[in-house]
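The structure under discussion appears below in the form of structure tokens.
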Amino acid sequence: MASIQKQFEKFHDEIKLKRFDENATLREKRDIITNRIKEGLKKKFQNGEEGVPNVEFIDQGSYAVDLGINPDDGNYDIDEGAIFDLYIEDYEDPTEIKKWIRDIMDGHTVIPPIIKNPCVTITYSQNNEPIYHVDIPVYAKSKYDSKLYLAWGKEHSNDDNKYWEPADPIGLNEYINNRFTGDDKKQFKRIVRYMKKWKDICFKSSGNARPPSIGITIAAVEMFMPYTEYNQLSGKLEYVDLIALKNFVWKLKNSFISEWDSDREEYLYTIYLRLPVTPYKNIFSKMSKLQMTDFYYKLGDLYDALQKAEEDCDPHTACKLLANYFGNKFPIPEPKESRYQVNRSNAPSSSSA
């Protein structure tokens, strides 16, 4: 097997997106938005009888669990949940609260805020090109239980597509964060980031053709197993990302089931992976069966490439193969022949002057 752990780790350093406490720009954008919303609510409700609604913010998504990667298009996606101390029973239309945020943030950016089904999106741009966008899911509580509820729906959706959906964003963060510890957790994070970059490279970005990142993450939480091998030279157990990744891809691929599609008169592959917290829905439900089938076969292609890389004794050819699946940021060492030629040219002459 080619020794390419250094190449994997260098690749990881290239694609890793720093967290808020490490990335001053992203932290600044988040804080500007949350402070603006708080101040906007004070102005909107300062003369109201019921006072200013209290709101707390929580980091969500890949930032909250430190699993982000640098996007190829530079358009960073930040998730910041807004939890209002309000009762859903008092707001039959869940988009009403989302409109507050939309109106407060209107004029803050060149691109107007947009109310989407799961969130309000604020987009920062430069030279008319998006460079950051912040998704703000809105939550409230109920008078009858201790759950949080997500405000679902667009401003002009019909009533059937506007509702309060049970959600547990805090529990989801804890579920992901608490699965592994120490160096096992570090390898887990590397594997998830490798898979996210593969997803970005090998799938179209439009629509639901690209598997959701949360699906990759939850699959890794449930299926990934740390992998180490004993190094006789160092006398230590060392992590081998190539094998850990290959084993995970194998498990994920085998979690698909084959189902007969009567319309197409052929078998298609489907994956069912439920969210581990309320509302426990299938994370891949937005993908069509054809898109899931494409996902299945691309996982097979990735597994075959990882298998070939494992069997290859030359780091150059192994990494060159993997770069087809992970992009041009995956480092490719010089061929053995080139290294040999360099060593020969640097070797001292056997004859003396």
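The values are calculated or read from the model by the stated rules, or taken from the named source; none is laboratory data. Predicted model, so just to flag it, every value in this text is computed and none were measured. FYI the Cβ positions are ideal-geometry reconstructions off the backbone, even for glycines, and counts take in every protein chain you see.
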All positions within the stretch 187-221 that are among the charged types (D, E, K, R) and in contact (Cβ under 8 Å) with a residue 12 or more places away in the chain: Lys189, Arg190, Arg193, Lys196, Lys197, Lys199, Asp200
Pairs where the first residue, in the stretch 153-171, is in a helix (DSSP H, G or I) and the second is aliphatic (A, V, I, L, M), C-beta under 6 Å, 6+ apart: Gly171/Val277
Only one of Ile131, Ile115, Ile104, Ile111 that is touching a residue at least 60 places away in the same chain (Cβ under 8 Å), more than 19 Å from Pro279 (Cβ to Cβ) and either in the same structural domain as Lys286 (by TED's automatic domain parsing) or not small (Gly, Ala, Ser) (or both): Ile104
Condition broken by Asn208, with the remaining ones in (1) farther than 19 Å from Ala64 by Cα; (2) in contact with a Phe, Trp or Tyr (Cβ under 6 Å, 6 or more places away or on another chain); (3) not in a helix (DSSP H, G or I) satisfied: (2)
Some residue of the stretch 263-277 being among the hydroxyl-bearing types (Ser, Thr, Tyr), outside any strand (DSSP E or B) and not assigned by TED's automatic domain parsing to the domain that holds Asn117: yes
Subset of the stretch 232-242 (residues that are surrounded by fewer than 18 Cβ atoms within 10 Å (Cβ to Cβ) and closer than 20 Å to Cys319 by Cβ): Glu238
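Quick grid of which residues meet (1) loosely packed, with under 13 Cβ neighbours inside 10 Å; (2) modelled with pLDDT of 90 or more:
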site: Gly48; (1), (2): yes, no
site: Gly51; (1), (2): yes, no
site: Ile58; (1), (2): no, yes
site: Asp66; (1), (2): no, yes
site: Tyr76; (1), (2): no, no
site: Met105; (1), (2): no, yes
site: Ile111; (1), (2): no, yes
Members of the stretch 287-309 that are among the aliphatic types (A, V, I, L, M), more than 21 Å from the chain's Cα centre (by Cα) and more than 15 Å from Phe248 (Cβ to Cβ): Leu290
Condition met for Lys197 (of a type in the set (Lys, Arg), under 20 Å from Glu9 (Cα atoms) and modelled with pLDDT of 95 or more): yes
